[in-house]
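To keep things clear, I will list the structure first and then write my remarks on it.
The values are calculated or read from the model by the stated rules, or taken from the named source; none is laboratory data. Model, not experiment: these values are computed from the prediction. Cβ coordinates were reconstructed from backbone atoms using ideal geometry, including for glycine residues, and neighbour counts include every protein chain displayed.
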Amino acid sequence: MNNEDSLIHPLLKLAFDAMEDLVYIMAVQDRQFVYCYVNREAEVSSGITPDYMGKNFFELYSERNQYEMAQYLHNKYSKVLAQAQSIRFDEGHLLPTGALSGDSIISPIFDENKIITHLICVTRSYNERHRYEEKMQYYAYHDELTQLLNRRFLYEFVSSPAYLFMFDIDNLKYLNDTLGLESGDALLVEIAGRLKRNFGSDYISIRMSGDEFLIVSNREQEHPEKMAQIIISLMNEPFTFQNRQIKISISVGITAFSEDINISVALRRADIALYHAKTSGRNKYHVFCETTQYEQVVRFGYELALNSCLEKEELHLLYQPIYGNKQKQVVAVEALLRWHKDNKYMVSPADFIPVAEETGLIIPIGEWVIRQACRDLSIVQAKYGMQTKIAINISRIQLSESDFIERINQILKEENVQPHYIDLEITESVAMIDTVSEHSLLLKLREQGYTISIDDFGTGYSSLSTLTRLPIDTIKIDRSFVAQMNPAVLKALIAMAEALQLHVIAEGIEEADQWHQLLALGCDDFQGYWISYPMPLEKLPDLPHLPFSV
Ligand code: C2E
Ligand code: CA
Ligand code: CA
C-alpha cells in the first residue's frame, strides 16, 4: 500500500491509472526524494511496487547496483527543486526493470505556503513514443488527402526504378470550376483508390502535386505504351459523385530509367514527355526519347509553370559569398535564384530566366528576388558582419522599366534596408548599350547609394571608351578568363580596372591555384566554388580555409 495513499483523491487515482503515461509522485524530505505514489503503468514498466514507497532513489537503485542511475535521477529532481520550475528531459533513462524510459517532465507541486512538498514526473512510455514516431514517419511520406506515397518518399527511397509513368488530368481547372473544389478533391481520392487497387507490388503510386500522379514501375516494361494505355483506360472509366457521372481524360508522360541518370533527371524527362503528350491532344501518352529536341515543349512547359511559380512558392535564393582580400572578410553575397518547378526538380536560372524575360514575368520575379534578398540581409550580416552587402542580378528588362528606381526604392523602404547594402549586377552586354537614358539611370542609382557591378566582364563587346564613361563601381571578371588563366590577359584587365578606379571581382575560382595566382595579380575580391558554393541562407559556411581579420 502507498503510505501516502490517502493524499491522492480517489478519482485522481483512477485517472492516473487510466493513463498510458507513467506517473511518479515523490515527496521532498530533507532534500531527498522519496517515492510517494506511482500509477499502474509506472509500476508495470519500472517494477516500482508499493513496497518501495517511502524509499529514496539510492535505496531503490543501490539494490540493483545502479548507483549512477540514482545519482542521475537525484540530480534531475534537485534541479527542479532549486529552480522551482518544470524541466523536461528526453535522453531516456534506464528503469529498474532494465527497460528504457521515454520523454519526461518533472514539475514541482507547491503547498499553500508556496513550499515545494512534492514533485510529479510524467514520462511518456517508450511504446507510446514509438507509435508517435511511426505516425510521424507515415505523415512524412504520405500525401494527406489521398494517402498515397509522396514526393519525399520518391526522393529518399526510390533509387533505380525501371520506368516512370507521370500523368495528370486534362482540363482539371474546368472540372474544378464545374464541380467545385470539394468534388475535385473527392476525384483525386478516387483516382488514388483506383491506383492502389490496380497497381500491386511491382509498382509504387505517388501523388506528386495537385492532380499530378506518378506510377513507378520496378518491373522492366517491354511495351511501356501498353501500360500507358492501361492507365488511360482505367482513368477513362466514369467516376460517380453525388449521383453524377464524371468522365475525365488524362495525359501520360513516360520515361525509362537508366544508371546514368538520377531521379531528378528522370522526373524532368517524364515531365517533358507529359507536356509533349498534352500538346499533341488530350488522352495521349508520349515516351521520352533522348535524341528528340524538345526545346519547344520545354519552353512551353516553363511558360505555363512560371506563371504560378511565385504563388506556389517555388522560388528560392541561394547565396554565394564574395571574399574581400583587403578586408579579410566576406564583403558581399550574391543572390542566385533557384526554381524548384512543381517542387519536383530544379530548373537552372540559365534556362528559365530567358523565358521569364520573354514573357515579362521577370518583372514580378525580379521584384520577389529584391524583396527576399532584403529580408535575408540581416541574417547574412549576422553571419559575416555588418559590412556585408547583397549583390542582386538585374535583368535588362527590369532596367528598361520606366519606374525601376521607384520600385526598387519602394521595396527597400518597405523592408527597411539602405541602398548602400545593395549591389546591382548587370551583365556587360546590358551595361554597354550606353544610351543616354541608361547612363542617367545608373547615375541616379549610384546617387541613391546603390553600387553597380558589371557582370561577366570580358564576354561582351565593350570598348574601352564606353567603359571609361559608365558610372559603375565594380567589374566582375567572367569565369571563362579565370578558367583560361592567361596571366597577361588578367593582368591587363586588372590594370585597366585600377586605372579607372574600379573594383575587381574574379568569378569562378574553383581551385586554390587560381586564387593564389589572382591574388598575386592584385585582384581585390574572389568568388567561386573554391571559396564557397552557392548555399541556402541557413547554411552559409564559415570558410575556415580563408584568412579572416578579427
Ligand atoms: P552569374 O550572375 O554569372 O552568376 C554566377 C553563376 O556562376 C552562378 O550560376 C553560380 O552558381 C556559378 N558559379 C559560381 N562559382 C562558380 C565556379 O567556381 N565555377 C562554376 N563553373 N560556376 C560557378 P547560376 O546560379 O546557375 O546562375 C546562372 C545565371 O543566371 C547567373 O549568372 C545570372 O546571370 C542568372 N541569374 C541567377 N539568379 C538571377 C536573378 O535573381 N535574376 C536574374 N535576372 N538573373 C539571375
Ligand atoms: Ca551575377
Ligand atoms: Ca557572372
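In the stretch 141-161 there is at least one residue matching the filter, namely being under 20 Å from ALA186 (Cα atoms), under 22 Å from the mean Cα position of the chain (by Cα) and without any contact (Cβ under 8 Å) to a residue 40 or more places away in the chain. All of THR451, THR468, THR474 fail the test of being of a type in the set (Ser, Thr, Tyr) and away from ligand 1 (no atom under 16 Å from the Cβ), apart from THR468.
Does SER480 fit the bill of being hydroxyl-bearing (Ser, Thr, Tyr), at negative phi and within 16 Å of ligand 2 (Cβ to nearest atom)?
Values: hydroxyl-bearing (Ser, Thr, Tyr): yes; at negative phi: yes; within 16 Å of ligand 2 (Cβ to nearest atom): yes.
Against the criterion (hydroxyl-bearing (Ser, Thr, Tyr), at negative phi and within 16 Å of ligand 2 (Cβ to nearest atom)), SER480 qualifies.
Go through the residues of the stretch 411-421 one by one and say whether even a single one is surrounded by 18 or more Cβ atoms within 10 Å (Cβ to Cβ), at pLDDT 95 or above and within 16 Å of ligand 2 (Cβ to nearest atom). Looking for residues that are surrounded by 18 or more Cβ atoms within 10 Å (Cβ to Cβ), at pLDDT 95 or above and within 16 Å of ligand 2 (Cβ to nearest atom), one finds none in the stretch 411-421, hence no. Kindly list, by first and then second residue, each pair from a residue in the stretch 357-370 that is within 14 Å of GLU303 (Cα to Cα) to a residue that is among the β-branched types (Val, Ile, Thr) and outside any loop (DSSP other than H, G, I, E, B), limited to pairs with Cβ atoms under 8 Å and residues at least 6 apart or on different chains. Partner pairs satisfying both residue conditions: GLU357/ILE397; GLY360/ILE397; LEU361/VAL355; ILE362/ILE353; ILE362/ILE397. Within the stretch 393-415, the residues that satisfy the criterion of being away from ligand 3 (no atom under 16 Å from the Cβ), out of contact with any Asp or Glu (no Cβ under 6 Å at 6 or more places or on another chain) and of a type in the set (A, V, I, L, M, F, W, C) are LEU399, PHE404, ILE405, ILE408, ILE411, LEU412. Between GLY449, GLY458, GLY528, the distinction of being within 14 Å of ligand 3 (Cβ to nearest atom) and either among the basic types (Lys, Arg) or at pLDDT 95 or above (or both) belongs to GLY528 only.
Residues that are buried (at least 19 other Cβ atoms within 10 Å of the Cβ) and small (Gly, Ala, Ser) were ranked within the stretch 388-410; the one that is farthest from ligand 2 (Cβ to nearest atom) is SER395. Looking at ASP342, ASP271, just one residue is in contact with a helix residue (DSSP H, G or I) (Cβ under 8 Å, 6 or more places away or on another chain), at positive phi and away from ligand 1 (no atom under 16 Å from the Cβ), and that residue is ASP342.
Based on what the data block shows, is LEU172 touching a strand residue (DSSP E or B) at 6+ places or on another chain (Cβ under 7 Å) and closer than 20 Å to ILE231 by Cα? Please lay out each step first, then the result.
On the way: touching a strand residue (DSSP E or B) at 6+ places or on another chain (Cβ under 7 Å): no; closer than 20 Å to ILE231 by Cα: yes.
When the stated conditions are applied, LEU172 does not pass them.
Restricted to the stretch 392-421, and to residues there that are assigned to a helix (DSSP H, G or I) and within 21 Å of GLU507 (Cα to Cα), the residue that is nearest to ligand 1 (Cβ to nearest atom) is ARG396.
Using the structure shown, decide if GLU303 is within 16 Å of ligand 2 (Cβ to nearest atom) and modelled with pLDDT under 95. Walk me through how you get there before you give the answer.
Values: within 16 Å of ligand 2 (Cβ to nearest atom): no; modelled with pLDDT under 95: yes.
No: the conditions fail for GLU303.
Against the numbered list (1) surrounded by 15 or more Cβ atoms within 10 Å (Cβ to Cβ); (2) farther than 24 Å from ILE353 by Cβ; (3) touching an Asp or Glu at 6+ places or on another chain (Cβ under 6 Å), ARG282 comes up short only at (1).
Restricting attention to the stretch 7-64, which residues are in a loop (DSSP other than H, G, I, E, B), acidic (Asp, Glu) and surrounded by 14 or more Cβ atoms within 10 Å (Cβ to Cβ)? Answer for the stretch 7-64, where residues must be in a loop (DSSP other than H, G, I, E, B), acidic (Asp, Glu) and surrounded by 14 or more Cβ atoms within 10 Å (Cβ to Cβ): just ASP21.
When we screen LEU424, LEU443 for residues that are at pLDDT 95 or above and either within 16 Å of ligand 1 (Cβ to nearest atom) or not in a strand (DSSP E or B) (or both), the only hit is LEU424.
If you filter the stretch 333-358 down to residues that are within 16 Å of ligand 2 (Cβ to nearest atom) and closer than 15 Å to PRO536 by Cα, you find that the one that is surrounded by the most Cβ atoms within 10 Å (Cβ to Cβ) is VAL333.
Pairs are defined by a Cβ separation below 6 Å, a sequence spacing of at least 6 or placement on different chains, a first member in the stretch 505-516 that is of a type outside the set (Val, Ile, Thr), and a second member that is part of a loop (DSSP other than H, G, I, E, B) and surrounded by 14 or more Cβ atoms within 10 Å (Cβ to Cβ); the pairs so defined are ALA506/CYS523; GLU507/GLN527; GLY508/GLY528; GLU510/GLY528; GLU510/TRP530; GLU511/TRP530; TRP515/ILE509.
Let's see how each residue does on (1) in a helix (DSSP H, G or I); (2) under 32 Å from the mean Cα position of the chain (by Cα); (3) acidic (Asp, Glu); (4) at pLDDT below 95:
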| residue | (1), (2), (3), (4) |
| --- | --- |
| ILE472 | no, no, no, yes |
| ILE475 | no, no, no, yes |
| ALA488 | yes, no, no, yes |
| ALA492 | yes, no, no, yes |
| ALA495 | yes, no, no, yes |
| GLU498 | yes, no, yes, yes |
| GLY508 | no, yes, no, no |
| TYR533 | no, yes, no, no |
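The number of residues in the stretch 473-492 being of a type in the set (A, V, I, L, M) and either within 13 Å of ligand 3 (Cβ to nearest atom) or buried (at least 20 other Cβ atoms within 10 Å of the Cβ) (or both) comes to 5.
For the stretch 362-371, check the following and say yes or no: at least one residue is surrounded by 19 or more Cβ atoms within 10 Å (Cβ to Cβ), touching a Ser or Thr at 6+ places or on another chain (Cβ under 9 Å), in a loop (DSSP other than H, G, I, E, B) and at pLDDT below 95. Scanning the stretch 362-371 turns up no residue that is surrounded by 19 or more Cβ atoms within 10 Å (Cβ to Cβ), touching a Ser or Thr at 6+ places or on another chain (Cβ under 9 Å), in a loop (DSSP other than H, G, I, E, B) and at pLDDT below 95.
Taking GLY385 as the residue in question, decide whether it is at positive phi and either more than 12 Å from ligand 1 (Cβ to nearest atom) or under 25 Å from the mean Cα position of the chain (by Cα) (or both). Taking the combined requirement at face value, the residue satisfies it.
If I ask for residues that are charged (D, E, K, R), assigned to a helix (DSSP H, G or I) and touching a residue at least 12 places away in the same chain (Cβ under 8 Å), which ones from the stretch 447-470 would you list? Step through it out loud before you land on a result.
Keep residues of the stretch 447-470 that are charged (D, E, K, R), which gives 447, 455-456, 469.
If we keep only those that are assigned to a helix (DSSP H, G or I) as well, we get 447, 469.
Answer for the stretch 447-470, where residues must be charged (D, E, K, R), assigned to a helix (DSSP H, G or I) and touching a residue at least 12 places away in the same chain (Cβ under 8 Å): just ARG469.
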